[in-house]
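The next block holds one structure in the form of structure tokens; read it before the comments.
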Amino acid sequence: MKTLNLRLYLVTDEHCLPPGRNLFDAVEEALQAGVTLVQYREKNGPGKGMLEKARRLIELCHSYNVSLIVNDRLDVALLSGADGVHLGQDDIPVAEARRLAGEDFLIGATAHNVQEALAAEAAGADYLGCGAVFATHTKKDTVPLGLDGLQAIRQAVRIPIAGIAGITLDNYRLVLDTGANGIAVVSAILGAPDISDVVTKLKL
């Protein structure tokens, strides 16, 4: 199901879950409240375990007519039947992923600046995740792109873009005001005491 709606893009990170909160329950609560895209991200996860989780998440997301993207791991994305993959600058090139996965497979790419954004677009990416927009504890080794940098990318490329990193209820409107198609959110959703309440507010 190649549907791409970046408006409210949930990126998973089990380290952001409070004690006692289950990943699948958290994702379902977010889906019920209206997230429009889900990316399964598990850095350095075991392949077998990632494959099993991806398949469970696909079934869950598809029950809400939402696409599931796998972060970094094209092998897991293809084997699990995911709708797409999101590739960082150090992952396999977008053009190679497109050759392997075909035209109907969603491919997102990370862009930290205009040069990377233009290269990903030219290589065939369907969308960009741009950041880090703000400083965030989930991405300690990144230099913030800032709102001006995000707006520069928006003006440079034609494909949809989402701002990512450090996005909260206090600043998400600033991200959308740059012309970005959506926001990619991690801890502000998964770590919230009330996931449904936060998702509902982020959709406004």
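The values are calculated or read from the model by the stated rules, or taken from the named source; none is laboratory data. Keep in mind that this is a model prediction, so the values were computed, not measured. When we count neighbours, we look across all protein chains shown, and the Cβ atoms used for this are built from the backbone with ideal geometry, even at glycine. For the accessible areas, the whole protein counts, side chains as well, though only heavy atoms, and no ligand, DNA or RNA atoms are used. Shrake-Rupley method; radii C 1.70, N 1.55, O 1.52, S 1.80 Å.
Before moving on, here are some points about what is shown:
- Matching entry among Ile69, Ile107 (being open to solvent by less than 10 Å² (accessible area, probe 1.4 Å), within 20 Å of Glu29 (Cα to Cα) and not basic (Lys, Arg)): Ile69
- Residue among Val85, Val76 that alone is touching a helix residue (DSSP H, G or I) at 6+ places or on another chain (Cβ under 9 Å) and either modelled with pLDDT under 95 or outside any helix (DSSP H, G or I) (or both): Val85
- Within segment 88-204, helices (runs of 4 or more DSSP H) holding 1 or more residues that are in contact (Cβ under 8 Å) with a residue 12 or more places away in the chain, closer than 30 Å to Arg21 by Cα and charged (D, E, K, R): 195-202
- Residue in segment 126-145 that is open to solvent by 50 Å² or more (accessible area, probe 1.4 Å) and modelled with pLDDT of 95 or more present: no
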